[in-house]
Amino acid sequence: MPKILMSQHDSIRAVEWKDNHLVLLDQRKLPHNEQYVQLYSAEETADAIRNMVVRGAPAIGIAAAYGVVMAARKSYKQYPQDWRNRLEAEKDVLMNARPTAVNLMWALRRMCAALEGIQGDPEPVLLELAQRIHQDDIDDNYRMGELGSALIQPSHGVLTHCNTGSLATGGYGTALGVIRSAYSNGKIEHVYADETRPWWQGSRLTAWELVKDKIPAHLLCEGAAASLMRQGKVSWVIVGSDRIAANGDVANKIGTYSLAVNARYHGVRFMVVAPTSTIDMNTLTGNDIPIEERSQDEVLNVGNQRIAAMQAQAWNPAFDVTPAALVDALVTEKGVIERPNAAKMAALMAS
Ligand code: MRU
């Protein structure tokens, strides 16, 4: 198992490798039920990613890496001579589980590259790599937490969107990691969290993490964010990302773009926190990022309760793109870029 460093205000881990299989905290059941699912195959892992048992860009990459370990174990057992070729179908299932978060493809590419040199049983080598991906993510989050916290002047409040915490990563979080660090360092007193319709990552997950880790917070409807900024209650909007293009455009949970526009109008600064595994230098601009569209039912229903007229239809993009020009700071484990653009992104990735 990766070494898990738990600091203050940091008590949650949602992805674990235990007794030779993958254990996930089922995020569909939170906050009322803390249930864990036990996964033994790549297909089960892909289903868990598709159905949001596990979600958040880094967390789905980590889960997929463990999925490859289980696929290789099965393949080697059934076809000891030809196990590598027999893995292809399961790799594809994992690769196609969700389209926007590039951490999924990044983790799978690393795992696949490692397959090449393996002689004999592939499981020990692949498990070691999956655990390294997992632990590196946690370490990167601690580093980004400190780098992001250093940008914040002591202030009353910050606003965040979606869930970018321990549930969305190997642990600690990206944007929520910065918030954890800033709170621990006495830089902020209060967190405002968008409820994040239609899947309610804010209400169901972020508020749960903040309550559990004793960080004072209020939820608000996304529609209230501009008024919050106008009243001077927040100095920064702090969000994560699912994919950052080579020019610095940022794909993140739907609603992020309107926060960035509102932040610029109100003189509130806008911070994106993401490991370099979220940066996709092969995608030139935000226009080239594939945006997942999810079922209309997520908008038309709340839980099992239909709230819209039976004939009503809905548009449900899961992500939007914030132009780089609206980003004041991009925090990665390699360092901070102010006002990202193509040249600064290239220099960061080459460093
Ligand atoms: O649809 P989700 O819940 O997987 O979307 C998650 C987000 O948009 C997060 O902000 C992003 O993955 C960064 S999490 C560290």
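Laboratory data are not the source of any read-out in this text; all were calculated from the coordinates shown. Here the structure is a predicted model, which means the values were calculated and not measured. Every residue, glycine as well, gets a Cβ built from its backbone with ideal geometry; the counts of neighbours run over all protein chains shown.
A compact globular protein would have a Cα radius of gyration near 2.2 N^0.38 Å; the ratio found for the stretch 269-349 is 1.50. Of the DSSP H helices in the chain, those with a Cα length along their own long axis of 30 Å or more and a mean Kyte-Doolittle hydropathy reaching -1.0 comprise 57-78, 123-151. As an equivalent ellipsoid, the stretch 15-139 spans semi-axes of 24, 14, 14 angstrom, where each value is the square root of five times an eigenvalue of the C-alpha gyration tensor, largest first.
Just checking the listed ones, Arg243, Arg84, Arg180: in the Gaussian network model of the chain with Cα springs under 10 Å, the one fluctuating most is Arg84. Remark: the Tyr265-His218 segment gains 14.7 nm on full extension, using 0.36 nm per residue and subtracting the alpha carbon distance.
When the pairs Lys214/Lys253; Lys187/Lys212; Lys91/Lys253; Lys18/Lys74; Lys233/Lys334; Lys187/Lys233 are compared against a 22 Å limit on Cα-Cα distance, Lys214/Lys253; Lys91/Lys253; Lys233/Lys334 fall above it.
Taking 0.36 nm per residue of separation and subtracting the Cα-Cα distance, full extension of the segment from Met95 to Gln311 would add 74.3 nm. List the longest stretch of the chain that has no exposed loop site; here a site is one of the GluC sites (Glu not before Pro) assigned by DSSP to anything other than H, G, I, E or B, with at most 16 other Cβ within 10 Å. With a cap of 16 other Cβ atoms within 10 Å, the longest stretch comes to 117-291.
Just so you know, the Rg over Rh for the stretch 142-350 is 0.96, from Cα atoms, with Rh as the Kirkwood radius. Entry note, the chain: the mean residue ellipticity at 222 nm calculated from DSSP H runs of n ≥ 4, each adding -39500 (n - 2.57), is -11000 deg cm²/dmol after division by the residues and rounding to the nearest 500. Take the Cβ atoms of Lys77 and Ala346, set R0 to 41 Å, and the FRET efficiency comes out at 0.40.
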